[in-house]
Amino acid sequence: MPALTHSVAQPSAQSESVAPTTVALVESWPDGRTIYELTSTRRASMWTPFFPRVDGYKLPEGATPVYAVQFGRVLVGRNIHVDISVLLGSAQPPGVPIASVVVSPGSRVVIDALAKFGVQPVTLSMVDVAPMTPYLPTVVSVSPQIEVANVDLLNAPYPGYRMTLRNLGSKGVSNVHVQSYRGQEKALSALKRAEDGRPMMHPGGSYTFDMNLTSGLANELTAPGRWTPRAIDLIEFDSVRWDDGTYDGTPPFPDADALIESDSGRRLQLRRIVDALRAALAEPSSGFGLLASAKNRIDVLTDAEPDQVDAAKLAMQSTKASVRADIARFE
């Protein structure tokens, strides 16, 4: 393991008005794997690329294979409302909706519609959650330029950790990969980044995020009808991508990083374009007047933001140019 920067962690005081989560959605697959997902009145989602496929299934010509199965969940009264979808080709949304179901205490709901996409059916149920309080893990950073400034404990609605990073370097940080462990076993992981193509941390800046212990597998200690999340022992920030494309540490998905940066810029520009088109449609003009209004509103949009990473800037510019060219076809 490379030279590491250790954190200083302190327990966090939380508002008593937020109650801990008391139920979990259970996803039981035919291959014997069972996943538990803490569920509260806050809508949450999880996707997994690990699922059993239908033996002998043949992908239709021109179709894209399922990359992951996604579950959106929220507690409504005593029931869990679940939206099931599949992500095709990659983990990028949107997914293809499969079913929306209600899971009640004591019920078991089988999602047979997954078979249409070559995925074996999953059975959904719910269990009670035994209370747990996470302990402070060891938290380390692969880069001496990324300080783990603070780690707080969270207890409600989900147990977990709130972490603050600080950039001590002279360059901006595009993304940071975090990998957690229970003993020697890999647990939760995430790629933390900004959503608008900008660095997540400028030099001297900080970044705070939560790592919630919302999911886990069954083990030998799991009692029937009851589940408890397991705390994390080690959290490692094992890769840092700087805004010039260089790294500290070893990135798990180096080929995807530039694509993610580009996608962030494209999505930001598309949101702005949609807002501009909606504003044009809200005007009383029609026909060529409406077209001119849409064109003018898009023309004044910023081509790119000066503090974005290069891939995001290029995506912003090309997205605007593409939409502008589409409008020009109707002039």
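Scanning segment 190-212 for residues that are in contact (Cβ under 8 Å) with a residue 40 or more places away in the chain and among the small types (Gly, Ala, Ser) turns up 194, 197, 206. The set of residues from segment 240-270 being under 19 Å from the mean Cα position of the chain (by Cα) and surrounded by fewer than 16 Cβ atoms within 10 Å (Cβ to Cβ) comprises 252, 253, 254, 255, 256, 259.
Applying the selection to segment 21-55, what residues are under 22 Å from residue 154 (Cβ atoms) and part of a loop (DSSP other than H, G, I, E, B)? Once the filter is applied, which keeps residues that are under 22 Å from residue 154 (Cβ atoms) and part of a loop (DSSP other than H, G, I, E, B), segment 21-55 yields 21, 22, 40, 41, 42, 43.
Restrict the check to segment 270-290 and report whether at least one residue is of a type in the set (D, E, K, R), at pLDDT below 95 and either assigned to a helix (DSSP H, G or I) or not assigned by TED's automatic domain parsing to the domain that holds residue 310 (or both). Please lay out each step first, then the result.
Step one: of segment 270-290, the residues of a type in the set (D, E, K, R) are 271-272, 275, 278, 283.
If we keep only those that are at pLDDT below 95 as well, we get 283.
Retained after the next criterion (residues that are either assigned to a helix (DSSP H, G or I) or not assigned by TED's automatic domain parsing to the domain that holds residue 310 (or both)): none.
There is no residue in segment 270-290 that is of a type in the set (D, E, K, R), at pLDDT below 95 and either assigned to a helix (DSSP H, G or I) or not assigned by TED's automatic domain parsing to the domain that holds residue 310 (or both).
Taken as a whole, segment 286-303 holds no residue that is in contact (Cβ under 8 Å) with a residue 60 or more places away in the chain and in contact with a helix residue (DSSP H, G or I) (Cβ under 9 Å, 6 or more places away or on another chain).
Elements of the type strands (runs of 3 or more DSSP E) sitting completely within segment 156-204 and holding at least 3 residues that are charged (D, E, K, R): these cover 185-193. Of all residues in segment 165-201, exactly one satisfies the criterion of being surrounded by fewer than 16 Cβ atoms within 10 Å (Cβ to Cβ), more than 18 Å from the chain's Cα centre (by Cα) and of a type in the set (Ser, Thr, Tyr), namely 170.
Okay, residues lined up against (1) touching an Asp or Glu at 6+ places or on another chain (Cβ under 9 Å); (2) hydrophobic (A, V, I, L, M, F, W, C); (3) on the phi > 0 side of the Ramachandran plot:
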| site | (1), (2), (3) |
| --- | --- |
| 262 | no, no, no |
| 268 | yes, yes, no |
| 317 | yes, no, no |
| 325 | no, yes, no |
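Filtered by the rule that a residue be surrounded by fewer than 16 Cβ atoms within 10 Å (Cβ to Cβ), farther than 30 Å from residue 172 by Cα and within 32 Å of the chain's Cα centre (by Cα), segment 271-305 gives 278, 279.
The values are calculated or read from the model by the stated rules, or taken from the named source; none is laboratory data. If you're wondering where the values come from, they're calculated on a predicted model, not measured in any experiment. In this analysis, Cβ positions are derived from the backbone assuming ideal geometry, glycine residues included, and neighbour counts consider all displayed protein chains.
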